[in-house]
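*Asks:* Here it is, the structure, as structure tokens.
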Amino acid sequence: MKNEFIKNYIEIKETYVPVIPYSEELSAEEMLLDSHLARIKKEADKLYSVNDPYGIIEWNDDEDIHPELYQFCHKLPKGGDLHAHDNTMIPLDRFIQIISEHAFISLNGQTNGTLYTKYSPDLPSDAIRVSEVLETGLLNEKELRDILVIRDGEEENGYWKRLEKLFSATGDFYNDIPIMEKIWEEGFRSCYEKGILLVEIRDWGVEDDLMNIIRDRTIREAYYRVRKDHSDFLVRLIGCSGKDDYTTVESACETLRSFIRVSKIIKDEFDPADPKDFIIGLDLANEEDISKPLSDFADFLGSEEVRNSGLRLYLHCGESLRRDNDSVVDAYILDSLRVGHAMNLYRFPKLMKEYAEKNIAIEVCLMSNYRLGYVKDLRLHPGLQYMINGVPIALCSDDGLFMTRAPIVDDFYAAILCWDLNLGDIKAICRNSIKYSGLSEKEINHLMENWEKQWNSFVSRQNKKLGS
Ligand SMILES: [Zn+2]
């Protein structure tokens with residue numbers, strides 16, 4: 001009798017297992033790597049105390065990183081980063097390298113920590129060149145970093161306030177096209193070095209075609225230079241407007257209209273014989289809980305003008321924990337191809353099923369959500385629930401410059417540890433970032449082949465490294 005009971009007991013237990021439905025099946029070689037990964041994850045786990053929101057890379061804290069797991073995350077062929085913002089995808093150390101000769105910093109009073117170009121009409125008389133500040137030891141690199149990033153413990157004044165301050169502190173550069181070209185190029189190079197083959201960038205625009213054209217052509221130049229060295233690298237733009245109090249609905253729609261026109265002019269002509277779309281979509285962003293709801297823009301976003309424009313929607317939505325924020329519903333009705341964040345989709349179970357059935361992928365930005373205070377323990381981030389419920393997700397870096405030392409690498413490190421992902425889950429996330437990209441079907445197939453080659457050689461190399 002007891003044996004029968006135990007037999008049933010085991011059978012029942014085997015029915016209930018933690019599973020991610022679209023996790024990939026693994027080859028023998030991949031299963032071997034998965035076992036190595038399980039070992040290093042366990043070791044890494046020991047670095048963090050049980051009640052800490054572990055897996056977080058602090059700006060100045062190398063001891064908190066498990067080197068083998070971190071290397072694994074760095075080398076991992078990730079596919080695409082589908083949610084990065086134009087001016088903030090570059091890692092901070094490279095940003096400082098580029099600007100230090102050109103930028104002046106104010107270290108006094110109201111403007112403390114603000115960076116200026118030499119052309120700035122507001123340049124204070126006592127501002128000092130950044131390179132000089134570092135050379136003379138007025139600030140060391142850590143102190144300069146602390147001025148330019150979001151850190152833990154800044155909730156007092158509000159994380160978004162801090163982010164806005166950082167945007168305005170660095171804002172003088174955004175109109176300095178020659179410096180921005182360097183920043184974009186270095187941003188792209190660093191993406192490629194971190195195993196990213198495609199970056200889809202939110203491109204912040206204005207209501208002026210000429211300004212948008214100059215900017216987008218420069219981004220394209222920066223991309224071409226990286227592609228000359230790496231023929232398998234791709235960049236695409238998603239035209240983006242604000243939706244906060246400073247932006248009227250009319251002006252936001254005018255900016256998006258401008259992107260529709262510019263998208264017909266600027267193509268990816270790296271291979272002149274076979275031009276491709278360069279601007280692929282439209283979006284609206286800003287701190288959601290205090291901005292206009294997406295429904296204010298529904299008239300325009302759902303119009304024939306947008307539907308026939310050849311551009312798809314990739315809407316920021318649900319970057320909120322609130323019940324009365326239903327922008328995840330707006331994005332669904334407006335037929336957004338993917339969505340950015342969707343943090344509060346968990347509040348809408350029926351809608352979550354629709355996202356899963358219609359394969360509306362979510363661009364999950366763990367480090368950004370953490371730094372902006374939406375979730376203080378990434379083990380509880382709802383992205384894992386979305387995966388478990390069959391909603392496709394891709395990991396993305398958002399405003400990496402201000403969020404973390406190695407944008408996207410740290411997002412994978414946090415996800416692998418905090419969500420306890422196995423290699424099949426990780427492979428599925430990487431594949432999603434290509435499958436649900438805004439590329440054409442032909443481009444997706446081609447990119448997928450390139451990524452699979454990278455993936456297979458990564459698996460053999462890691463097996464050699466971790467098995468020895
Ligand atoms: Zn964003």
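*Asks:* Tell me, yes or no, whether region 431-448 has at least one residue that is touching a Lys or Arg at 6+ places or on another chain (Cβ under 9 Å), open to solvent by less than 10 Å² (accessible area, probe 1.4 Å), hydrophobic (A, V, I, L, M, F, W, C) and under 30 Å from Gln385 (Cα atoms).
*Replies:* Checked against the condition, which is being touching a Lys or Arg at 6+ places or on another chain (Cβ under 9 Å), open to solvent by less than 10 Å² (accessible area, probe 1.4 Å), hydrophobic (A, V, I, L, M, F, W, C) and under 30 Å from Gln385 (Cα atoms), region 431-448 yields no hits at all.
*Asks:* Six or more apart or on different chains, Cβ atoms under 8 Å: show the pairs whose first residue is in region 443-456 and closer than 13 Å to Leu198 by Cα and whose second is of a type in the set (D, E, K, R).
*Replies:* Going by the 8 Å Cβ cut-off, the qualifying pairs are Glu443/Lys276; Ile444/Lys435; Leu447/Asp232; Met448/Arg431; Met448/Lys435; Asn450/Asp232; Trp451/Arg431.
One line per residue, one yes/no per condition, for (1) away from the ligand (no atom under 16 Å from the Cβ); (2) surrounded by 18 or more Cβ atoms within 10 Å (Cβ to Cβ); (3) assigned to a strand (DSSP E or B):
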| residue | (1), (2), (3) |
| --- | --- |
| Cys253 | yes, yes, no |
| Arg257 | yes, yes, no |
| Ala273 | yes, no, no |
| Gly281 | no, yes, yes |
| Leu284 | no, yes, yes |
| Ser295 | yes, no, no |
| Asp299 | yes, no, no |
| Glu305 | yes, no, no |
| Gly310 | yes, no, no |
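*Asks:* Could you tell me which of the residues Asp52, Asp34 is acidic (Asp, Glu), modelled with pLDDT of 90 or more and surrounded by 11 or more Cβ atoms within 10 Å (Cβ to Cβ)?
*Replies:* Values: Asp52 fails: modelled with pLDDT of 90 or more.
After applying the criteria, what remains is Asp34.
*Asks:* If Ile360 satisfies every condition in (1) among the β-branched types (Val, Ile, Thr); (2) under 14 Å from the mean Cα position of the chain (by Cα); (3) away from the ligand (no atom under 16 Å from the Cβ) but one, which is the exception?
*Replies:* (2)
*Asks:* Can you list residue pairs whose Cβ atoms sit under 8 Å apart, with the first residue in region 125-154 being farther than 21 Å from Ser168 by Cα and the second being assigned to a loop (DSSP other than H, G, I, E, B) and modelled with pLDDT of 80 or more? Count only pairs 6 or more apart in sequence or on different chains.
*Replies:* From region 125-154, the pairs are Glu132/Leu138; Leu134/Ser100; Leu134/Asn140; Leu138/Leu107.
*Asks:* While we're on this one: Identify the single condition in (1) out of contact with any Asp or Glu (no Cβ under 6 Å at 6 or more places or on another chain); (2) modelled with pLDDT of 85 or more; (3) within 19 Å of Leu92 (Cα to Cα) that Ala127 does not satisfy, given that it satisfies every other one.
*Replies:* (3)
*Asks:* Please return the ranges of helices (runs of 4 or more DSSP H) entirely within region 146-244 where 1 or more residues are within 16 Å of the ligand (Cβ to nearest atom) and open to solvent by less than 40 Å² (accessible area, probe 1.4 Å). Can you show your working first?
*Replies:* Details: elements: 159-170, 177-193, 209-229.
Fully inside region 146-244 and qualifying: 159-170, 177-193.
*Asks:* Among the residues of region 220-254 satisfying the criterion of being among the β-branched types (Val, Ile, Thr) and closer than 30 Å to Lys427 by Cα, which is farthest from the chain's Cα centre (by Cα)? Break it down stepwise before answering.
*Replies:* Taking region 220-254 and keeping what is among the β-branched types (Val, Ile, Thr), we get 226, 235, 238, 247-249.
Filter once more, keeping what is closer than 30 Å to Lys427 by Cα: 226, 235, 238.
On the way: Val226: 20, Val235: 14, Ile238: 13 Å.
Checked region 220-254; the qualifying residue farthest from the chain's Cα centre (by Cα) is Val226.
*Asks:* Tally the residues that are out of contact with any Cys (no Cβ under 7 Å at 6 or more places or on another chain) and either more than 16 Å from the ligand (Cβ to nearest atom) or among the hydroxyl-bearing types (Ser, Thr, Tyr) (or both), restricting the search to region 73-110.
*Replies:* Going through region 73-110 one residue at a time, the tally reaches 25.
The values are calculated or read from the model by the stated rules, or taken from the named source; none is laboratory data. Quantities reported herein were computed from a predicted structural model and do not represent experimental measurements. Methodologically, a virtual Cβ is constructed for each residue, glycine included, from the backbone with ideal geometry; neighbour enumeration extends over all protein chains shown. Side chains included, ligands, DNA and RNA excluded: accessible areas come from the protein's heavy atoms. Shrake-Rupley method; radii C 1.70, N 1.55, O 1.52, S 1.80 Å.
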